[in-house]
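Here is the structure we will look at, set down as structure tokens.
Throughout, read-outs are computed from the coordinates displayed, never taken from laboratory work. On a predicted model such as this, the values are computed, not experimentally measured, just so you know. Every residue, glycine as well, gets a Cβ built from its backbone with ideal geometry; the counts of neighbours run over all protein chains shown.
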Amino acid sequence: MEDKFIQGFSKLSKEQKLKIISDRLVDDTDFLTELNSLNHRNPEVQLMLEQFSENTLGNFPLPYGVAPNFLINGRYFTVPMVTEESSVVAAAASAARFWSEKGGFHASVKSTTKVGQIHFCWHGESAALINSLDELKVYLEENSRHLTRKMTERGGGLREIELIDLTEFLDNYYQLRIGFETADSMGANFINSVLEEMSSLMKIFFSRISESGVEKEDLEIIMSILSNYTPDCVVECFIEAPFSSLSTIHEGFSGEEFARRFKLAVDIASVDPFRAVTHNKGIFNGIDAVVLATANDFRAVEAAGHAYASRSGKYRSLSRVELRDDVFRMSLELPIAVGTVGGLTSLHPLAKWSFEILGKPDARELMMIIASAGLASNFAAIRSLITHGIQKGHMKMHLGNILSVLGASAEERATALGYFENHTVSYRDVEQFLNKQRGGQ
Ligand code: MEV
């Protein structure tokens, strides 16, 4: 049935919403059965899941897997990953195993400061704004303490408050850029609450000093919101090994040859944005999967990562390779703003278990684990690309998916896997193969 405008959809009950949507489908019974079968067995948990979002009809499952054997700073981790893409977990796990024999991943957190912004226009004399800045900062800090006290007790809170003059780009446009430490939480709610409070306080502050030449209308608050660009919340991670230990990776390549080709592949992603985007996508295959498994905000992490990749003015690879004194060193540096408390981290029924599987890391440890998963994914992708290509592994996984869709039995699956070792995989070919097995055409 054709779609038409639906008045007041959000106000309807779940049953009413389901009825409207399913009435438009050819096979509504199958749709409802499918949705029902995916509901959580515990109605309270189901209700909680539904309340995470709006207009919820049911759950949309994604595979939840683990990549074991991640040796990070001398400690082993089993890393939970949520991804729909075949080969991502296998690739990360294989790179983790490979590097576990070579000292593993070395990770460190460079900084953890996040940024909030109050965007405003100043319609008065700029000197009046600049001259009141010191007093304004003290006023904002003192009067927002009821919101920052608890965070300060946890080691976080407000950091620097800066006035940024952007009037050369937009008439009268300034911002207060405010640094925040948010301890083990991602901190979005905390930062946004403080910013909104501060923007109200700014209005009061300037109306109070109006006697000293500043007019009430000089200040026009536009908006107050955290920035998802977090270039001062950065994690660094590297792997390194002598060339000689890379000689077993691919028959026909010495360790040195492998390292040289590998570096060239990464350098290409530093000079060509078309390649850089795909290269970085490979890094985010690992990163997003862990960010999702821990119920963190993968859009925020992605957005910050891509902006960081452009910090030189050109979009580049987030990872680097150096070859020095017969040693291969691959490193990754990027901003990762995540939390281990707050948000959905303790509410999502599986995120809780992800933290248990990871041994209850704090936010800094989680940053290092996520970066290691990104570096592992990147290493595995480049390793395949510069040797046998990625289609070999991908197609094996793809074949598995096609066989599942076509309802192949265990026996049919085994025969198909054998046959397609030496034949190109396509949906049509696999379907024809199964049909033949089943005595059809
Ligand atoms: C596929 O999901 C990721 C890769 O394209 C990454 C890359 O090209 O580096 C294999």
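Across the chain, where is the longest run that never hits chymotrypsin sites (Phe, Trp or Tyr not before Pro) in a DSSP loop with at most 11 other C-beta atoms within 10 Å? Intermediate values should be presented prior to the final figure.
Details: sites that count: 5, 169.
In the chain, the maximal stretch lacking such sites is 170-441.
Starting from the alpha-carbon convex hull of region 325-417, give the projected area averaged over all orientations, in nm².
Numbers: hull surface 41.2 nm².
Mean shadow area of the hull around the Cα atoms is 10.3 nm².
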Which loop-located GluC sites (Glu not before Pro) does region 127-226 contain, where loop means any DSSP state but H, G, I, E or B and the Cβ has at most 13 other Cβ atoms within 10 Å?
168, 215
The chain, Gaussian network, Cα under 10 Å: of 282, 305, 313, the residue fluctuating most is 313
What's the angle, to the nearest 10 degrees (0 to 90), between helix 273-293's Cα axis and the longest principal axis of the chain?
90 degrees
Subtracting the Cα-Cα distance from 0.36 nm times the residue separation, let me have the gained length for residue 11 to residue 145 in nm, one decimal.
44.5 nm
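As a test of the formula, what do you get for the chain when each DSSP H run with n ≥ 4 contributes -39,500 (n - 2.57) and the sum is divided by the residue count, at 222 nm and rounded to the nearest 500 deg cm²/dmol?
On the way: 16 runs with 206 residues, N = 441.
The helix-only estimate for the chain comes to -15000 deg cm²/dmol at 222 nm.
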Please give the residues of region 20-61, grouped as numeric ranges, whose backbone N is less than 18 Å from a label point set 7 Å along the Cα-to-Cβ vector of residue 405.
61
Qualifying aspartates and glutamates (Cα of each under 14 Å from Cα of residue 102; at least 8 residues distant if same chain)
240
Eligible lysines near residue 17 by straight Cα distance, threshold 19 Å, same-chain separation 8 or greater
4
Could you tell me the center-to-center distance, by alpha carbons, between region 226-301 and region 365-392 in angstrom?
6 Å
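With charges only on Cβ, +1 for K and R and -1 for D and E, what is the dipole size of region 393-437 about its Cα centre, in debye, rounded to 20?
On the way: 4 positive and 5 negative charges, 14 e Å.
With Lys and Arg at +1 and Asp and Glu at -1, about 60 debye.
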Bin by bin, in steps of 10 Å, what percent of the Cα pairs in region 393-437 do you find, going until the bin that has the longest distance?
30, 66, 4
Separation in nanometres of the label points that stand 7 Å from Cα toward Cβ, at residue 125 and residue 303
3.9 nm
For helix 363-385, report the angle its Cα long axis makes with the longest principal axis of the Cα atoms of the chain; keep it between 0 and 90° and round to the nearest 10°.
40 degrees
Shape verdict for the chain, please, from the Cα gyration tensor: rounded (a/c under 1.5), prolate (a/b greater than b/c) or oblate.
oblate
Residue 217/residue 102 FRET efficiency (R0 56 Å; Cβ-Cβ; nearest 0.05):
0.30
Per residue of region 136-145, what does 6.51 cos²θ - 1.76 cosθ + 1.60 with θ = phi - 60° give for ³J(HN,Hα)? Whole Hz please, x for Gly and Pro, Karplus curve as stated.
4, 4, 4, 4, 5, 4, 5, 8, 10, 4
Relative contact order (%) - criterion: Cα under 8 Å, at least six apart; region: the chain:
17 percent
Stretched fully, the stretch from residue 42 through residue 414 gains (0.36 nm per residue minus C-alpha distance, one decimal, in nm) 130.2 nm
What list of ³J(HN,Hα) values in whole Hz, one per residue of region 337-346 in order, does the Karplus curve 6.51 cos²θ - 1.76 cosθ + 1.60 (θ = phi - 60°) give from phi, with Gly and Pro shown as x?
9, 9, x, 10, 10, x, x, 8, 4, 9
For labels at residue 392 and residue 163 in the simple 7 Å Cα→Cβ model, what's the distance in nm?
6.3 nm
Show me the ranking of peptides 404-410, 340-346 by mean Cβ neighbours inside 10 Å, starting with the highest.
340-346, 404-410
Over region 114-227, with a single point scatterer placed on each C-alpha, what log10 of the ratio I(q)/I(0) does the Debye formula yield at q = 0.14, 0.24 1/Å?
-0.54, -1.40
Acute angle (nearest 10 degrees) that the helix 43-52 long axis makes with the longest principal axis of the chain, alpha-carbon atoms:
60 degrees
For region 317-351 and region 112-147, what is the centre-to-centre distance using only Cα atoms, to the nearest Å?
33 Å
FRET efficiency for residue 428 and residue 22 from the Cβ-Cβ distance with R0 = 41 Å, rounded to 0.05, comes out at 0.80
Note down the nm distance, to one decimal, between modelled labels 7 Å out along Cα→Cβ at residue 153 and at residue 171.
4.9 nm
Using θ = phi - 60° and Karplus 6.51 cos²θ - 1.76 cosθ + 1.60, couplings along region 401-414 (whole Hz; Gly, Pro as x):
5, 4, 4, 5, 4, 8, x, 5, 6, 4, 5, 4, 4, 4
re region 50-138: pairs of Cα atoms spaced beyond 20 Å account for a percent value of 66 percent
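By how many nm would the segment from residue 333 to residue 56 lengthen if fully extended, with 0.36 nm per residue of separation less the alpha-carbon distance? Can you show the working numbers first?
Details: separation 277, 0.36 × 277 = 99.72 nm, distance 3.71 nm.
Here the segment from residue 333 to residue 56 would lengthen by 96.0 nm.
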Counting other Cβ atoms within 10 Å, keep those with at most 15, restrict to DSSP loop, and tell me which trypsin sites (Lys or Arg not before Pro) in region 260-330 are left.
311, 314
Averaging sequence separations of C-alpha pairs under 8 Å and six or more residues apart, then dividing by the length of region 8-75, give the relative contact order as a whole percent.
33 percent
Taking amide H atoms as placed 1.01 Å from N in the peptide plane, list the residues 5 or more away in sequence, or in a different chain, whose amide H sits under 5 Å from that of residue 159.
179, 180, 181
